[in-house]
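Every number here is computed from the coordinates shown, using simple stated rules; none is lab data. All figures in this text were calculated on a predicted structure; none of them were measured in a lab. Neighbour counts run over all protein chains shown; Cβ positions are idealised from the backbone, glycine included.
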Number of protein chains: 2
Amino acid sequence: MKLSGSQWIAGNPSSESSKTFRAANPATGESLDPEFREASKAEIDAAVSAANAAFDSFRNKLAESRADFLETIAEEVLALGDPFLERTAAETGYPLARCEAERGRAIAHTRQFADVIREGSWVDARIDLPDPTRKPLPKADVRSLFQPVGPVAIFGASNFPIAISVLGADTMSALASGCPVVIKAHPAHPGTCELAATAIHRAAERTGMPSGVFSLLHGTSHEVGIQLVEHPGISAAAFTGSLAGGRALFDAANRRPVPIPFYAEMGSVNPVFILPGALQSRSAAIAEGFVSALTQGVGQFCTNPGMVLGLESDTWDSFCQMAAEGIKKTEPATMLHAGIHSAYLTGLEQRLEHESLELLSRSGTTASDEALEAAAHVFRTTQQGLVDDPTLFDELFGPVSVFGECGGPEDFIELAEKLEGSLSATIHGTESDLAEHRDLISVLQKKTGRLIFNGFPVGLEVCHSIHHGGPYPATTHSRFTSVGTRGIERFVRPVCYQDWPNSQLPMELQNANPRGVLRMLNGHRTRDEVS
Amino acid sequence: MKLSGSQWIAGNPSSESSKTFRAANPATGESLDPEFREASKAEIDAAVSAANAAFDSFRNKLAESRADFLETIAEEVLALGDPFLERTAAETGYPLARCEAERGRAIAHTRQFADVIREGSWVDARIDLPDPTRKPLPKADVRSLFQPVGPVAIFGASNFPIAISVLGADTMSALASGCPVVIKAHPAHPGTCELAATAIHRAAERTGMPSGVFSLLHGTSHEVGIQLVEHPGISAAAFTGSLAGGRALFDAANRRPVPIPFYAEMGSVNPVFILPGALQSRSAAIAEGFVSALTQGVGQFCTNPGMVLGLESDTWDSFCQMAAEGIKKTEPATMLHAGIHSAYLTGLEQRLEHESLELLSRSGTTASDEALEAAAHVFRTTQQGLVDDPTLFDELFGPVSVFGECGGPEDFIELAEKLEGSLSATIHGTESDLAEHRDLISVLQKKTGRLIFNGFPVGLEVCHSIHHGGPYPATTHSRFTSVGTRGIERFVRPVCYQDWPNSQLPMELQNANPRGVLRMLNGHRTRDEVS
C-alpha cells in the first residue's frame, strides 16, 4: 500500500510545500516513510474551494445516494485490509487488536449514519397548514426542515486514529448531512489518515459524488489549523483533542468577521463516586474494573477515570489497597507520541512532588522512556487536599488517577460543586445509595453529559441515545455530541418555506411525503401525507 | 398601575444605584415617570445568585407545573389590562392596536410553550436497550433526554416591547425548559418591562415557583449587559437587537473563561426578488403589498424588505412607478426612540448623497423631527450600483428600501451570491418562474433562514415550523430560532444515563413511559413502554 505523503485535494494528490515531516513509531523511535508535506496556504484554499464547488451538487443528491456513499466508504475501508491496521499500529503503538476494534467502530458508525439518512426523519420536517379564513389575518403555510450548513473543517484526535480521525463520526455525520469535509490530518498518524482518505475518495468516485466532497490536508504547525478555521469558505468545524488546542481554534472561529460554530470535545476528569453500599458489597470487583478502565489504551481516553472518591472507612481503605495491588500488576506501555508522553511525565512529576498527594501505587516494572512508555500511577489524598488545590481536578492525559477520601456525603457534594464540566460522572452504589445521595446526583447532573451507574466511563456505546459531550471545558457547546447519531445536528440549520409551491419543496416537506418520514404536522408527529 | 422604577430581584424591588434614567414618549418628547434606576453590580450578582438558588427546585418541578406557571403568566398579563397597553404606547409611539396585537402574540407563544412541555416529547427522549450477551462486549443500557442548562440572561428588543421583550419567546422558552431567567430591560420601555415583570412574579407566586426564577434589571449603559453576560452564574444568553450590540455581547460571551452560547438575532436586509411572471400578472398587488410591508410599524421590523430586485422591462418600470405612488401616499410616523431615529436620518442622508442611488419616492408629507417621525423612502439603482457598493446590502432600520434593476437572471444570481446571511428572502413569481430560476433559489437557500413565496417577510407566523434565524449576521448561530417552539432547544443539553436504575431516571426515560411521550427506542420513534 503505497503512501504519497501529499495532500489529497478533491481526489488528487498535491505536494506544493517544501516543509516536511514524518511519522514515528512511538515504541521504537523509528522514523516512518514516506515524508509528508505540510499543506500550503494555496492548498488550503484549493481544498476549501473544491468543497464549496461540490456543495450544491452534494447537498442536492438524494439521501439514498449519500447513504450509498457512506456504505461504500465502509466497504472501501475494509478493502484496505491488514496493511491499514498495520500502519496504524506502527504510527500509534496500539496493538493490532485495538486497531481492528477501532476500525469496527468506524465501520459501525458510518453504516449507522447511512441508516439514519436513508430513513430520513432526522431532518425534523415540520408543517403547519394554512388557514386563509383566519381573522384578523390569514395564516400562512409554513414548513421547515434541516439543511446542511456548508463545508466543514474537521480535526481528528490522536488517541483514536481510526474511529475519531478521518473516518470518525465527525466526518461521517457531516457527509451524511450533505456537508463537504476538509480534514486536517493528525500529524502523529498521517499514513493512517492518507489510507483512510483514499478509501473515501474511491467511494466518492464509485458512487458519483463530486470530487471536492472530501479533502485531506497535513500539517504539524498550528498555522494550518488556524488558516483552515479562518477560511471564509468554511461554515462549521469539529475538533477532538486538548483543551489548549481546542480553545485556540474556538477563539479563532469566534473572532472571524463571520463567526462559525466550533464544536470541540476536549476531555475531562470523569469523576467516579463510590457510595457505601457498593463499597460494602463489591469492593474487589470495583477495584478490578477501575484498574482495567484506567490502564486500557494506556489511559489515553477522554473518558479516563481521573478521580475516584469514597467515604473514609475500613472498606474504603481495603478498596484502596485492592486497587493498589491491581495497579502494581499492570505493565507500563507505549504512549501515542512524544508530546503526550512528555506531558504525562511532567504532570506526574508535579503530582509526585505535591504535598497533599501520597503515591498509592504504580505499575510494578519501570517504564522505558525510549519506548515512550507510561507507568500507571494512583495517588491518594483527602477531601481537604482536593478542595485546597483545584488544579488536582484538571485532566492529566494518561493512566493516572487521584483517590480522594471524604468525611461524609456533604464532602461529596462540596467536591462535586467544585468540578468543572465533565464528559461523564460515575456512581458505584446500590439503588438505595442512589436515593440517599439524591443531592449529589443533582449536582452531577449539572456538571456532566453522561451519568454512569456501576460501570466505568471508557468504552462508549455508539448509538442513538449516547451523549459524548458536556459543559465546558469538556466541550465548547454542551448542546451537541461528537459521538452517536445526534452528532449530525451540528452541521445543519433549519430552513423554512412559507407558502412555497408543493412541487418545488424538498421531498420531506411535500404533501405526499414521498420519503415516508416522521413529520410534525400542526404540532403532532405523524408519517401521514397532507391531504 | 404604580411603577417603582426599581430592579425586581426574586420578587422584591431593589434600588441601590444612584444612576437613574427615564423613558420618554417619542411622539411628544415628554419625559415619563417614574425615574428608573440602573442595576448596580451587586444587584446583578443578587439576581444571578437568586436564579442559581432557584434552579434545582425549578428544573425538578413537574412539566405540568411549569406549564401551569406559563399559563398563569398569560392570565396575569391579561389582568394588567389597558394600563399596560397604554404605558407601552406611551413609551414606543405605537398605536394601541399594535400594542394589543403584540400582547396577543405574547400570550399565544406563552401558551404554546405550555402546550409543548405539557405534551412532553420535545425532550427528545432516547433509549437504547442493553444486550448483556453481546460479544465481544456486553451492550449497556443507554438513555438520554434534554435537560435545562441553567440560568439564562435575556436582552429584549426595542421594536417589540411586548412580544420580544420581557414576555418574549426567549423568556418563555427558557422558563418552559426549566431555566431561570434574568432579563435586562430595554431602556426605551422600562415601564412596560416592569409591568410585565410584575405579572411574571405574581404567576410565580401563585403557582409556587421559587422566587429567583425570574428577575428584571434595568440599565442604559452597555456595562450592565456585559456584566450580566460575563457573570459566571449565567449559562446561556439570548438577544434581539442591532448587529453592533449583539456582536459586542457575543464576543464577551466567548471571551469568558467558561464560554457560554450567545444567541443573537440581529436583523437583515430581507431581499425580495420579483420574477417576470409575477411582474406580468400582479404588479399592482405586489406594489401595494410592498408599500404596506415597508411602512408597517414604521419599518421597524427585523424582516423589513430592504431590497427589491427585478429584471429591466416596461413592467418593472411600471411596478416601480406604482410603488412610488404608494409610498408617496404614506404618512411619516413616529419611530421608537431618538437613537433609532437619528440612525435612520444618518443612513438616509448617506443614501440621498450616494452617487449610484436615485430617490424613487418618499412619503408625501414632511416628517416632524421633534416627533421623531420617519418618512418612508425608496431608492432606485442598477445591478451594477449594488455590485459596486456592498454597503448597500447593509440593513438600515426603518421604512427604507432600495430597488435594483437587473439585466437578466444571471444578475439575480450574482447579487444573491453577494448577500450576507439574511433572516428571509422572498420570491414573487409563478410556479414556472420558480422552476426556471432554480439556481437563484439554490443560492438563496444557502443565505437565508426563511424563503417566502408571493408574500412579504413581515408578520411572522408563530408556530412549530417557523424559523426566525439565518446565517450570520442575521444571527450568531444559524442552527437556532428565536421565534417558534423550536426556540426551546437553545436552553437545553442532552444528559445521558448509562445503566441507571429505572426508578431513579427522569420520568420521560422510565420504562413505563408515565408521561406517554414519543421516544426513540432502539432507533424507532414510539410511545410504547419498554417491557
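Worth a mention:
- In degrees, nearest ten, helix B:190-206 long axis to first principal axis of chain B (Cα): 30 degrees
- Rounded to 5, the percent of DSSP beta bridges in the range A:320-429 classed as antiparallel: 50 percent
- In order along the range A:44-60, the phi-based Karplus estimate (6.51 cos²θ - 1.76 cosθ + 1.60, θ = phi - 60°) of 3J(HN,Hα) comes to 4, 4, 5, 5, 5, 4, 4, 5, 5, 5, 7, 4, 4, 5, 5, 5, 8 Hz; Gly and Pro are listed as x.
- Fraction of antiparallel bridges per DSSP, chain A only, in percent to nearest 5: 40 percent
- Three semi-axes describe the equivalent ellipsoid of chain B; taken as square roots of 5 times the Cα gyration tensor eigenvalues and ordered largest first, they are 42, 31, 19 Å.
- Shielding of A:495-508 by partner chains, average beta-carbon count, 10 Å: 6
- Each Lys and Arg adds +1 at its Cβ and each Asp and Glu adds -1 at its Cβ; summed about the Cα centre, the protein assembly as shown shows a dipole of about 1560 debye.
- For chain A, the residue among A:T240, A:P390, A:N513 whose Cα projects farthest onto the positive side of the dipole built from Cβ charges is A:N513.
- 7 Å along Cα→Cβ, label-point gaps from B:D45 to other copies, nm, shortest first: 5.3
- Residue-wise HN-Hα coupling along the range A:286-301, computed from phi with Karplus coefficients 6.51, -1.76, 1.60 (Hz; x: Gly, Pro): 5, 4, 5, x, 4, 4, 5, 5, 5, 9, 4, x, 6, x, 8, 10
- Averaged over A:471-481, number of beta-carbon atoms from partner chains that fall within 10 Å: 5
- Integer Hz, Karplus 6.51/-1.76/1.60 couplings in order for the range B:159-176, x for Gly and Pro: 7, 10, x, 10, 7, 10, 9, 3, 9, x, 5, 4, 4, 5, 6, 5, 4, 4
- Estimated dipole of the range B:71-226 in Debye, rounded to 20 [Cβ of Lys and Arg +1, of Asp and Glu -1, Cα centre]: 540 debye
- The antiparallel fraction among DSSP beta bridges confined to the protein assembly as shown stands at about 40%.
- Simple point charges give the picture: +1 on the Cβ of Lys and Arg, -1 on the Cβ of Asp and Glu, and for the range B:271-453 a dipole about the Cα centre of about 600 debye.
- Per the rotation superposing chains A and B, the chain A residue found at the smallest beta carbon distance from the axis is A:N254, 2, distance in Å.
- Mean projection of the Cα convex hull over all viewing directions, computed for the range A:29-90: 6.4 nm².
- Computed [θ] at 222 nm, helices only, for the protein assembly as shown once each DSSP H run of length n ≥ 4 contributes -39500 (n - 2.57): -12000 deg cm²/dmol
- The range A:1-105 - convex hull of the alpha-carbon atoms, volume per residue in Å³: 116 Å³
- Span from the the range A:62-117 Cα centroid across to the the range B:168-230 one, whole angstrom: 50 Å
- Inter-copy label distances at B:P501, shortest first and taken from points set 7 Å along Cα to Cβ: 6.2 nm.
- Over the range A:210-314, Cα pairs under 8 Å with separation of 6+ residues give a relative contact order of 24 percent.
- Each copy carries a label point for A:A285 at 7 Å from Cα toward Cβ; from one copy, the others' points are 7.3 nm away, ordered from shortest.
- Pair-distance distribution of the range B:113-192: all C-alpha pairs, bin width 10 Å, starting at 0; shares per bin in whole percent are 17, 31, 22, 14, 9, 5, 1.
- The alpha carbons of the range B:271-453 occupy a box of 50, 30, 29 Å along the principal axes, longest dimension given first.
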